[in-house]
Amino acid sequence: AAKERGKGRQVTYQPCMDQRGAEQSRIAAELRVALDEGQLRVFYQPIVRLDDGRPVGVEALVRWQHPERGMIRPDLFIPAAERTGLIVPVGQWVLAEACRQAAQWRREFGPDALQYVSVNVSPRQLREAGFAGRLREVLRSAGLAPANLMVEVTETAVFDGGSALDELREVQRFGVQVALDDFGTGHSSLGLLRTCPVDVLKVDKSFVDRVTEAGEHSVIAEALIGISDGLRLRAVAEGVETAEQAEALRRLGYRYAQGYHYGRPVPADELTSLTAALR
Ligand code: C2E
Ligand code: MG
Ligand code: MG
Ligand code: MG
């Protein structure tokens, strides 16, 4: 009977996997066209100082303006792009566009309105030979100084070893800042963190969500700022949605934050907080 069930399961299992694979390939094929036809957009979300709410930087977040399905969020196509390798040209396009835009903002509103643009870089992109060199070329043609760019990488990319770490070291050596994204959710080795090419810890939203609650819920957020300070890194609290959370984070010693409370990701021309910073 067990064999029978096993067989039965296999029959239903196989087509399901094929379907998923087919779905991913379909998305990837459409995304290829989207990239060539200019359907991708970069939205920007402010990263602010907690004491006065002023923006210090922006995070670049890719969107897909689909002709029929409307605006598609990255969670729906980044995984397919990762699996097929399409993330390499997509990521390169986002980098170039974000650097171009940041250079323009700095010319338009002055260097005080925007210190840096922060761009997500996937593990696959980082492992691609020559990543650091291409990044340098992107900065040069955008006319943006390395110090005005931050790359966000995941703990997986940094701690799984291999060439990704070498590329990151090179990137940091020529002056680009490196942030560890979704910090606390991956499998960081806190021991390795000390010697890693990392400047900023982006503390994941899941720890920010409950920072106003008493006891054990806020203890992680407190521990993470302790690690960050101890290693002389900067911490950015992600996903801050309320004034209460902002206040609790400030009391714990956080200095930077990002979240709907300060502003949602918006197209470049709607990011009015940069112009407001001048007043
Ligand atoms: P992430 O890098 O951790 O970016 C933060 C995500 O949290 C963004 O989602 C942002 O819109 C959302 N967020 C920010 N503040 C709040 C808040 O207060 N509340 C809530 N509920 N959400 C908030 P988004 O734009 O959908 O991006 C999702 C993920 O997709 C990103 O997570 C990042 O891992 C990935 N991604 C986005 N753009 C790129 C890209 O250009 N390249 C790569 N490789 N990945 C990207
Ligand atoms: Mg990010
Ligand atoms: Mg993040
Ligand atoms: Mg996150």
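The values are calculated or read from the model by the stated rules, or taken from the named source; none is laboratory data. Note that the structure is a prediction, hence the values are computed from the model and not measured. FYI the Cβ positions are ideal-geometry reconstructions off the backbone, even for glycines, and counts take in every protein chain you see. Only protein heavy atoms, including side chains, enter the accessible area calculation; ligands, DNA and RNA are left aside. Shrake-Rupley method; radii C 1.70, N 1.55, O 1.52, S 1.80 Å.
Here Glu152, Glu167, Glu213 are screened, and the one residue that is touching an Asp or Glu at 6+ places or on another chain (Cβ under 7 Å) and not polar (S, T, N, Q) is Glu152. Note on segment 203-236: among residues that are more than 17 Å from Leu190 (Cα to Cα) and among the hydroxyl-bearing types (Ser, Thr, Tyr), the one that is modelled with the lowest pLDDT is Ser218. Going through (1) over 30 Å from Leu252 (Cβ atoms); (2) more than 16 Å from ligand 4 (Cβ to nearest atom); (3) open to solvent by less than 30 Å² (accessible area, probe 1.4 Å); (4) touching a Leu at 6+ places or on another chain (Cβ under 7 Å) one by one, Val62 falls short only on (2). From Val158, Val151, grab the single residue that is part of a helix (DSSP H, G or I), within 16 Å of ligand 4 (Cβ to nearest atom) and open to solvent by less than 10 Å² (accessible area, probe 1.4 Å). From the options Val158, Val151, the qualifying one is Val158. The single condition from (1) within 16 Å of ligand 2 (Cβ to nearest atom); (2) out of contact with any Gly (no Cβ under 6 Å at 6 or more places or on another chain); (3) within 22 Å of Ile225 (Cα to Cα) that Thr156 fails is (2).
Taking first residues from segment 252-266 that are more than 11 Å from Ile47 (Cβ to Cβ) and partners that are within 15 Å of ligand 3 (Cβ to nearest atom) and assigned to a loop (DSSP other than H, G, I, E, B), the Cβ contacts under 9 Å between residues at least 6 apart in sequence or on separate chains come to Tyr260/Gly239; Tyr260/Val240; Tyr260/Glu241; His261/Val240; His261/Glu241. Being surrounded by 23 or more Cβ atoms within 10 Å (Cβ to Cβ), in a helix (DSSP H, G or I) and not aliphatic (A, V, I, L, M) is true of Gln125.
Here are Glu167, Glu216, Glu222: which of them is touching a residue at least 40 places away in the same chain (Cβ under 8 Å) and either open to solvent by 20 Å² or more (accessible area, probe 1.4 Å) or among the aromatic types (Phe, Trp, Tyr) (or both)? I'd like the intermediate steps shown before the answer.
Numbers: Glu216 fails: touching a residue at least 40 places away in the same chain (Cβ under 8 Å); Glu222 fails: touching a residue at least 40 places away in the same chain (Cβ under 8 Å).
Every option except Glu167 fails the conditions.
Among residues of segment 196-205 being out of contact with any Lys or Arg (no Cβ under 8 Å at 6 or more places or on another chain) and within 16 Å of ligand 2 (Cβ to nearest atom), the one that is most open to solvent (accessible area, probe 1.4 Å) is Lys205. Per this entry, Arg255 is counted among residues that are touching a strand residue (DSSP E or B) at 6+ places or on another chain (Cβ under 9 Å), farther than 29 Å from Arg134 by Cα and surrounded by 15 or more Cβ atoms within 10 Å (Cβ to Cβ). Gly186 fulfils the conditions (1) modelled with pLDDT of 95 or more; (2) within 16 Å of ligand 2 (Cβ to nearest atom) except for a single criterion, (1).
Val208 meets each of the listed conditions (1) closer than 24 Å to Leu126 by Cα; (2) touching a residue at least 40 places away in the same chain (Cβ under 8 Å); (3) buried (at least 23 other Cβ atoms within 10 Å of the Cβ) apart from (1).
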